[in-house]
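The values are calculated or read from the model by the stated rules, or taken from the named source; none is laboratory data. Every value quoted in this text rests on a predicted model; they were computed, and no experiment measured them. Positions of Cβ are generated from backbone atoms using ideal geometry, with glycine treated the same way; all protein chains shown enter the neighbour counts. Only protein heavy atoms, including side chains, enter the accessible area calculation; ligands, DNA and RNA are left aside. Shrake-Rupley method; radii C 1.70, N 1.55, O 1.52, S 1.80 Å.
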Amino acid sequence: MKQIGYSEKVMEHFMNPRNVGVIENPDGYGKVGNPVCGDLMEIFIKVLDDKIEDIKFRTFGCGSAIAVSSMITEMAKGKSLDEAMKISRKDVADELGGLPPQKMHCSNLGADALHEAIKSYWVKIGKLKQEDITKDESHEGDACPAQ
Amino acid sequence: MGGIYLDHQSAMPLDPRVLEFAKTCLVEDFGNPSALHSVGLSAKTAVEEARAKVADLINAEDSSSIIFTASATEANNLAIKGTALRNAAKGKKILASSIEHISVLNSMKELQKGGFELTLAPVDGMGVVDLSALESLLSKETVLTSIMYANNEIGTVEPMQEISEMVQEKGMFLHADAVAAEGRVPIDVQKDGIDLLTISSNDMYGPQGAAALYVSPKVKLQPSLVGGGQERGLRPGTENLFAIAGMGEAARLARLEMANESERLKHIRDRLIEEISKLDEAYLTGHPTKRLAHHASFRFSRIEGESILLTMDAMFGIQISTGSACSSRTLEPSHVLLAIGLKHEEAHGSMVMTLGRDNDPSQVSSIVGAVNQTVQRLRMLSPL
């Protein structure tokens, strides 16, 4: 553990995560990660006037995975879908005061889950076709560092 | 901060009596044990007294069988590479259990790169070495077998006497990493039939920076370091006087106090195991009875170990450890938990509690309450 050194902000979000839970009948839903790898994250969104009106998450994973999930929901809430699509993994890590290098890949799934949720909404309203979605497979199955 | 420390397998506080005893080595008897003047001689005496005390703890036939090193990792390296390389003419097969400490496994892998044939003996679901598999893997060419006395992650104590009989009959030399077991179970290298044994100072309330390798008189070793001939030439380098003198005193106290202390800790351990096992989808890891008296280890479904560790620490001031991938440098789950048959997703949810002198039965209810709340909090966050 001695090499980990989470920022105060990471610990604050880990201990008091925002927007935890489930939205019934969400407009968009994204799920990334894999319990085999030790991180699984899901995000629910409610959309109004092309903006993220409500957002909730549930995460299985380490401290940074939970802090990242909490932070991304805070960053995305109230933003337009196009703006929210621009939030990157790095933006989330920066907003948290940085993440330990070994956590940047495995636990930093918040942006990916959010983008999936938005794309699923776009599919629902016909803006995107299901087959146009190229799913980021980098956290699935045999790609996780533990395998 | 008035917390409850339950990570004695990672580090232990220095016993104040050990500090009192050994501090003269820092200021008065500070000499170089190799120097022939009186200050050097008193330092030499301190080292030799420590050697005798360590020998007593494990009932070594002679104190000259004890070689001081700077860490257990170093002692494991010296035992494994030193024995295999020096005796390579007799055989080039090496054998270890699949739950050994990483310093043992990596020493073995280094030998493998140099042409030795490495095999790992499996363990059962409770972490006990599979004796029939071990027997079938041993041969006359098996120059070294390394089996830990007890496992640090799951607490299981191995049947050392049966293992040593097997190694004596079918193989050659037996090394035992006893870092988790020392000061907790009585070790007798002669009765146990162990040729090489690793113990460390801090794991029995001694200072960090000292460890020892017991080397039976019948084993010849090749040193890893060369230098001025200290420690019978097997571990040259000016002695870490404070740490060595402290380790000796810690060994003496461990020998005297181990039986009572283990009995005391066993009661706390059993209550922790009983109460925590009652929680929803909580499972003991390791052997229920053949386990170290201070060791309680578990896994919880649907949550992750680093989150358990951080919550227990930040919310309740309780320090535990975990074999979760996320808390390791490699991001791989513990090889020990995989070796006892856990799936990756199960190994991620592990928690290890190791008790020590400052723990008492009155802490049990707070600990169990904290675990319960931690598990509930993380399951509420979990999509699984």
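Quick look at the values:
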quantity: Separation in nanometres of the label points that stand 7 Å from Cα toward Cβ, at B:Gln161 and B:Glu274; calculated: 2.9 nm
quantity: Net charge over other residues, Cβ less than 13 angstrom from the Cβ of B:Gln376 (K, R count +1; D, E count -1); calculated: +1
quantity: Accessible surface of B:Asp56 - all protein chains present, 1.4 Å probe, nearest 10 Å²; calculated: 90 Å²
quantity: Ratio of Rg to Rh over the protein assembly as shown (Cα coordinates, Kirkwood Rh, two decimals); calculated: 1.05
quantity: Approximate spin-label separation B:Ile102-B:Glu281, in nm, with each point projected 7 Å along Cα-to-Cβ; calculated: 2.8 nm
quantity: Kirkwood hydrodynamic radius of region A:1-124, from inverse mean 1/r over distinct Cα pairs, in Å; calculated: 14.1 Å
quantity: Ratio of the Cα radius of gyration of region B:158-263 to 2.2 N^0.38 Å, where N counts its residues; calculated: 1.16
quantity: Whole-percent pair-distance distribution, where bins are 10 Å wide, for the alpha carbons of region B:219-266; calculated: 23, 29, 26, 19, 3
quantity: Rounded Å value of the spacing that divides the Cα centres of region B:2-26 and region B:114-160; calculated: 32 Å
quantity: Exposure rule at most 16 other beta-carbon atoms within 10 Å, DSSP loop GluC sites (Glu not before Pro): chain B longest free segment; calculated: B:142-280
quantity: Drop in accessible area of at least 50 Å² in the complex versus isolated chain, residues of region A:17-47, 1.4 Å probe; calculated: A:Val36
quantity: Per residue, in Å², the accessible surface of region B:16-253 once ligands and nucleic acids are set aside, probe 1.4 Å; calculated: 39 Å²
quantity: Per-residue [θ]222 nm for the protein assembly as shown (sum of -39500 (n - 2.57) over DSSP H runs n ≥ 4, rounded to 500); calculated: -12000 deg cm²/dmol
quantity: Linear extension gain, B:Leu384 paired with B:Leu14, 0.36 nm per residue minus alpha-carbon span; calculated: 129.0 nm
quantity: Whole-number Å³ per residue for the convex hull built on Cα positions in region B:16-253; calculated: 107 Å³
quantity: Gap separating the Cα centres of region B:168-240 and region A:58-77, nearest whole Å; calculated: 47 Å
quantity: Accessible surface buried upon A-B contact (total; probe 1.4 Å; Å², nearest 100); calculated: 2400 Å²
quantity: Choice from A:Ala65, A:Ala117, A:Ala84 with maximal GNM fluctuation in chain A (Cα, 10 Å cutoff); calculated: A:Ala84
quantity: Stokes-Einstein D (µm²/s) once Rh is taken as the Kirkwood radius of region B:104-198 over alpha-carbon pairs, at 37 °C in 0.692 mPa s; calculated: 240 µm²/s
quantity: Flagged links, alpha-carbon separation over 27 Å, of B:Lys113/B:Lys170; B:Lys44/B:Lys191; A:Lys103/B:Lys93; B:Lys191/B:Lys343; A:Lys56/A:Lys90; calculated: B:Lys44/B:Lys191; A:Lys103/B:Lys93; B:Lys191/B:Lys343
